[in-house]
1. Working with all protein chains in place, sort 130, 136 by solvent-accessible area computed with a 1.4 Å probe, largest first.
2. Going through the cross-link list 67/282; 194/247; 103/147; 98/282, which pairs have a Cα-Cα distance over 23 Å in this structure?
3. Of the heavy-atom accessible surface of region 1-82 (probe 1.4 angstrom), what whole percent is carbon and sulfur?
4. First measure r as the distance between the Cβ atoms of residue 291 and residue 94, then evaluate 1/(1 + (r/R0)^6) with R0 = 45 Å and state the FRET efficiency to the nearest 0.05.
5. Which lysines does residue 289 reach when only Cα atoms under 20 Å apart count, and residues fewer than 8 places away in its own chain are ignored?
6. For q values of 0.07, 0.08, 0.12, 0.15 Å⁻¹, compute log₁₀ I(q)/I(0) with the Debye formula on a Cα-only model of the chain, without solvent.
7. For region 1-65 and region 189-209, what is the separation of their Cα centres, given in Å?
8. Evaluate the distance, in nm, between pseudo-label points positioned 7 Å from the Cα of residue 231 and of residue 119 along their respective Cα→Cβ axes.
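The values are calculated or read from the model by the stated rules, or taken from the named source; none is laboratory data. None of the values given here were measured: they were computed from a predicted structure. Using ideal geometry, Cβ is built from the backbone for each residue, glycine included, and neighbour counts are taken over all protein chains shown. All accessible areas refer to the heavy atoms of the entire protein, side chains included, with ligands and DNA or RNA removed. Shrake-Rupley method; radii C 1.70, N 1.55, O 1.52, S 1.80 Å.
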Amino acid sequence: MMDKNAKIYVAGHRGMVGSAIVRELNRQGYNNIITRTHKELDLIRQDQVEEFFAAEKPEYVFLAAAKVGGIMGNSEALADFMYDNMVLEMNVINAAWKNGCKKLEFLGSSCIYPRMAPQPMKENCLLTSELEKTNEAYALAKISGLKYCEYLNKQYGTDYISVMPTNLYGPNDNYHPTHSHVLPALIRRFHEAKEAGLSEVTCWGDGSPLREFLYVDDLAELCVFLMNNYSGNETVNAGTGKELTIKELTELVAKVVGYEGKILWDSTKPNGTPRKLLDVSKATALGWKYHTELEEGIRLTYQDFLNNPMRAER
Ligand SMILES: NC(=O)c1ccc[n+]([C@@H]2O[C@H](COP(=O)([O-])OP(=O)(O)OC[C@H]3O[C@@H](n4cnc5c(N)ncnc54)[C@H](OP(=O)(O)O)[C@@H]3O)[C@@H](O)[C@H]2O)c1
């Protein structure tokens with residue numbers, strides 16, 4: 001268990017996941033959290049990362065910093081997604097280990113699993129067949145990060161763990177018009193369509209893919225829980241175990257935002273993977289369960305979007 005005044009470094013604390021982890025740590029009374037903005041510490045710069053860890057020697061690290069993007073961002077910049085994520089992960093995990101960090105938790109993503117993995121996807125389907133091409137570079141970097149944690153555990157007896165969340169949403173999400181994930185992108189589009197009085201909105205694909213969504217505060221609770229209660233080389237999936245079609249999600253977002261126009265589908269645009277559902281029985285058996293239902297979570301997220309006009313532009 002982490003002591004309430006243990007020195008904890010949250011990497012990526014201004015991002016959606018990192019900020020939720022900081023909120024959860026504060027809520028639970030942890031009082032020695034250290035953070036650095038991207039400007040203060042560029043995690044791609046090995047010299048800066050080594051200097052920071054040597055000076056601060058954090059006892060625990062949550063690695064929630066990453067170069068993150070939607071289908072378009074990922075597929076247009078495969079080289080950048082691989083380089084930035086791979087180098088950032090190796091720098092942070094290696095410097096943590098060299099400076100005696102007791103425990104590190106690495107945040108990955110469900111895109112590490114094969115495109116055609118049996119559904120729902122269990123942790124042990126990792127590396128059993130081909131990855132989805134559109135985010136292969138990102139997935140390979142994430143697999144390298146979790147494997148590096150596993151190899152350090154095996155070679156040097158560290159206690160470094162990893163967690164693989166499904167699609168996340170919540171406060172501090174990225175609402176960029178072309179580089180955001182599906183749920184925040186829909187919030188922005190329907191909000192703007194409502195403001196502009198548009199009679200119809202066209203969405204990508206045919207709406208048939210099935211997806212799962214987890215509210216980020218529920219993930220943050222799991223991250224702190226795992227830091228205190230889980231050790232092991234195999235990753236832990238984080239999700240709700242529930243899925244819906246993109247069409248159903250779209251209708252739900254339109255309802256919460258209050259957009260009453262028509263929703264059209266452009267089936268010349270790609271759908272992405274047909275189905276992506278995580279098997280969350282491992283996290284459940286450890287004693288965790290999500291508690292924010294999707295409609296409530298979208299409502300909270302939309303409120304955050306309205307309260308943070310700058311965030312909506314990032
Ligand atoms: N969002 C999802 O749906 C989702 C789903 C599954 C897993 N995850 C995982 O959760 C983690 C965090 O995702 P997120 O959604 O919170 O992303 P995010 O909101 O974009 O946050 C990422 C954070 O990392 C920082 N960062 C990026 N490159 C950096 C660098 N070179 N040096 C220092 N800081 C850097 C960013 O700072 P700047 O903005 O200043 O660059 C940002 O604060 C990722 O590992 C991701 O794979 C996310």
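1. On the way: 130 130, 136 60 Å².
Highest to lowest solvent-accessible surface, that is 130, 136.
2. Table pairs above 23 Å Cα-Cα are 67/282; 98/282.
3. Numbers: 1960 of 4040 Å².
Of all accessible area on region 1-82, carbon and sulfur atoms account for 48 percent.
4. Taking R0 as 45 Å, the efficiency between residue 291 and residue 94 is 0.80.
5. Counting by Cα, and skipping residues close in sequence, residue 289 has these lysines nearby: 122, 242, 276.
6. Scattering profile of the chain, log10 relative to I(0): -0.26, -0.35, -0.79, -1.25.
7. 38 Å
8. That separation, rounded to one decimal, is 3.8 nm.
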